[in-house]
Structures are given as structure tokens and as C-alpha cells.
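Each remark here refers to the structure printed beneath this line.
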Amino acid sequence: MDRKVFTAIGLMSGTSMDGIDVALLETDGEHITRLGPAETYAYDDATRERIRDAVRLAASLPPSFKIPDALDDAGRLMADRHAAAVLKFLVTNGIDRHQVDVIGFHGQTLRHAPELGLTWQVGDAQRLADLTGIRVVADFRRADVAAGGEGAPLAPLYHAALLRSAEGLGQRRPAVWPVAVLNLGGVGNVTWVEKPENPEILAFDTGPGNALIDDWVLAGSGARCDLGGELAAAGRVDDSLLAEWMRHPYFSQNAPKSLDRDAFAQCRPEGATLEDGAATLTAFTAASVAEASRQFPQAAAEWIVCGGGRHNPALMQALRERLGVTVKPVDVYGWRGDSLEAEAFGFLAVRALYGMPLSLPSTTRVKTPQPGGRIFHVMG
């Protein structure tokens, strides 16, 4: 079936709460035909703190509780910040808004608890459509959770599409298969791909990504992250504490499975120095990825890493040591590791326009391939 190729902007504000990624691509929902520009717009400290406040409030509410006005305010804030990012992106790159068919708007995850039947992403999608003059697809996860799925991760179909579309985009493909695409944002997630021509994939959240490290460093020094992995490199791993954390029941669950950002919030190296705590938490992320690899139908011959974690040399080295195979940043294949999730939601927005599945039984545990997303048209 020949489908129209749409021009889409994807937006992502992740669990690291560092800013908004904006990326443009052209796709028919199956293949990616062109990757346009991509930009990141950092949050100011006040916005970041308002997001943290909303996350804390959401965590305190019972599942049946009506979303309070404070979270409605957070939704408007997210719409305004994303609209400003889109409008600046269009001006910076000389793009007329009429050239863009759709915006994929993930919003900000405040709480993700599929075992309770809920996943909360805030962001006033109608407001975003009206402010930008471009129709918006949002609310990507709810339909999957309502159908019994985990609601996450949702980027795997895009990972598979990128591998399938590599030659047309002038990108390289890995020379050995299967491949594991590891995203290290606040939470880690992985997509196992047997080979690009085969639609068989497996995806799930691996465990902590950068969130625990970032929170530890922020509390101990006021810095937003362990820049360059320097703290972890200077510290010593507490092996007994790491072994205790690895007994968390999540690691014994079968994939597909997913996590909330703060699912491991109790895993704090209390009493440790800043450096030793960073080293132990970095080892925890790497160990959880290695444990996740046991779930694959066949061992991955190579791991390619996207997200902010790939900028941390200490974390990348820990992954290489624990996985025992080649671990590379996705950039070596021509992928844009900082904008990959934004691209994914532009891709998923086009799939939503066509009513195509956004998730599969092997990516979210949903019973059948599940479409999703809600379309918001510009009013007036």
C-alpha cells in the first residue's frame, strides 16, 4: 500500500527533565524518507523545579484521584514551553508552519504505573495546536495501558524503522546481528532487533538510566549531572550495596515490562562520598542493562546507545565491561542520539494519522498490535 509521506515535527521532554528536543522528519509511517533539522531547548531552573513539583504531587495521589488544578497548570506550562520551542525551531530553520503536517507531542510524564492502569503525561495538546497553527497528535500511551499493555517503551518501532531505512538515509547499518538499541535517558530501555528485514523485535525498560545518578549529584553538589562521568571515575563501587539493589523484584519479571522514573528511588548510597555514590549508581545502571540482556531470544552481537547516557564515558565503559561485546554510541551509524526520541514521536504521530499500531505484544505486552494517540486540530 502506497501511503503519503508526511512532514512531522516530534517533541520530547523526558524523565531527565533537562529540556525539549525538537526534530523534523518525513515518513509514511513505515519508512523514514528524510531527517530534517533537530534542536534542543533547555529548561530554565524554574521550569525544571515546577516539573519536579508536579511529579512529586502526582506520586502522592491515589490512582482514581481527579487530576488537580496544579497539574492542569503544569499541562498549560508544558504546552507554552513546547509551543515556544516549535516556533523558535521553525524560525531558526526557515520552515513555514504550513510545510508541517503534524506535531507529535509526548508531553511530560508525571507518573507511570501500568499495574494500576494509569500513565500520566501532562501537556495541553489543544493549546499547543492553537499556538503553533499545526495539528497535534498526543496522548500516545493511554490506549495501550487501557488495553492491558505497559504503555512503554514506544520508541522501538522507530528504532526498527531506522534500521530498515538506513540505506535511503545515507546511514550505515551494523555489520553483525542481532542488535540491541539502548536508550539511556532517566530510565533505560532497550530494543532487540534480530535483523532489519525481520519485523521481530523485543523491547522493555531495563532499569535505571541517568535519573538516580543525576538526583544523587544534584543533591550532593547542585550540579545537574555527573559531567563526563568524572565523579564516578574517581569513586569506588560498593559491591555489597550493588548486589542488594540487584535483588529488586523488577529484575526477575519477564519482558516486556516498564518502569516509572522513581521506581528505584529507594536505591540511594546513603553515607557514601559523592564520588563513591556516583560510581555505585553508575555500576547499577550498567548491571541492570547486563541483567536485561538475559531476556533476549538470542544474545545481541552489538549494542548501540542513544540518549544522554552515551555522553558519560564512565557509564559506557561499565557497559562494555559487563556486556562483553561491542558497545557504540548510535552517532557512529549516522543516528542523532540526542533527538532520537523526538524523532520517534514524530514518526508515531504519522502512524496515528493512519491508524497504524504504535505498540506490539513484544514491546508493551499488549494482547494485539495497538493503535493510539489522539488528534487535535487547530481551532478557529
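The values are calculated or read from the model by the stated rules, or taken from the named source; none is laboratory data. Model, not experiment: these values are computed from the prediction. Heads up, the Cβs are rebuilt from the backbone with ideal geometry, glycines too, and the neighbour counts pull from every protein chain shown. For accessibility, only protein heavy atoms count, side chains too; no ligands or nucleic acids. Shrake-Rupley method; radii C 1.70, N 1.55, O 1.52, S 1.80 Å.
For this structure, a couple of remarks:
- Of all beta bridges that DSSP places with both ends in the chain, some 70 percent have antiparallel geometry.
- Computed from point charges on the beta carbon alone (+1 for Lys and Arg, -1 for Asp and Glu), the dipole magnitude for segment 176-320 about its Cα centre is near 180 Debye.
- Backbone HN-Hα couplings from phi across segment 31-46 [Karplus 6.51/-1.76/1.60, Hz, Gly and Pro as x]: 10, 9, 9, 7, 9, x, x, 9, 9, 10, 10, 5, 6, 7, 4, 5
- Solvent exposure of segment 286-380 as accessible area per residue, Å², 1.4 Å probe: 40
- In this structure the amide hydrogen of residue 204, modeled in the peptide plane, comes within under 5 Å of the amide hydrogens of 190, none closer than 5 places in sequence on its chain.
- Placed amide H near residue 326: partners under 5 Å, 5+ positions off or other chain: 303
- Applying the Karplus relation 6.51 cos²θ - 1.76 cosθ + 1.60 with θ = phi - 60° to segment 116-129 yields 3J(HN,Hα) values of 9, x, 9, 8, 10, 10, 9, x, 7, 5, 5, 5, 4, 4 Hz, where x marks Gly and Pro.
- Taking label points 7 Å from Cα along the Cα-to-Cβ direction, residue 236 and residue 4 give a separation of 6.5 nm.
- Each peptide in 89-98, 179-188, 241-250 receives the mean, over its residues, of other Cβ atoms within 10 Å, and ordering these scores from highest gives 179-188, 241-250, 89-98.
- Solvent-accessible heavy-atom area per residue, rounded to whole Å², over segment 27-114 at 1.4 Å: 47
- Hz values of 3J(HN,Hα) by residue in segment 21-29 - Karplus curve (6.51, -1.76, 1.60), Gly and Pro given as x: 8, 10, 9, 10, 8, 10, 7, 9, x
- For the chain, the spread of Cα positions along the three principal axes, ordered from largest to smallest, is 60, 49, 40 Å.
- Residue-span extension gain [residue 375 to residue 265] - 0.36 nm each, minus C-alpha spacing: 36.1 nm
- Since only 210, 176, 148 are under comparison, the one whose Cα sits farthest along the positive direction of the charge dipole of segment 115-218, derived from C-beta charges on Lys, Arg, Asp and Glu, is 176.
- Order by protection proxy (mean Cβ within 10 Å, highest first), peptides 327-337, 280-290, 16-26: 280-290, 16-26, 327-337
- If only the Cβ of Lys and Arg carry +1 and only the Cβ of Asp and Glu carry -1, the dipole of segment 1-123 around its Cα centre is close to 160 debye.
- Carbon + sulfur, % of accessible area of the chain - ligands and nucleic acids excluded, 1.4 Å: 50
- Probe 1.4 Å, protein heavy atoms only - accessible area per residue of segment 145-268 in square angstrom: 40
- Take each peptide in 133-140, 155-162, count the other Cβ atoms within 10 Å of every residue, and average; sorted highest first, the result is 155-162, 133-140.
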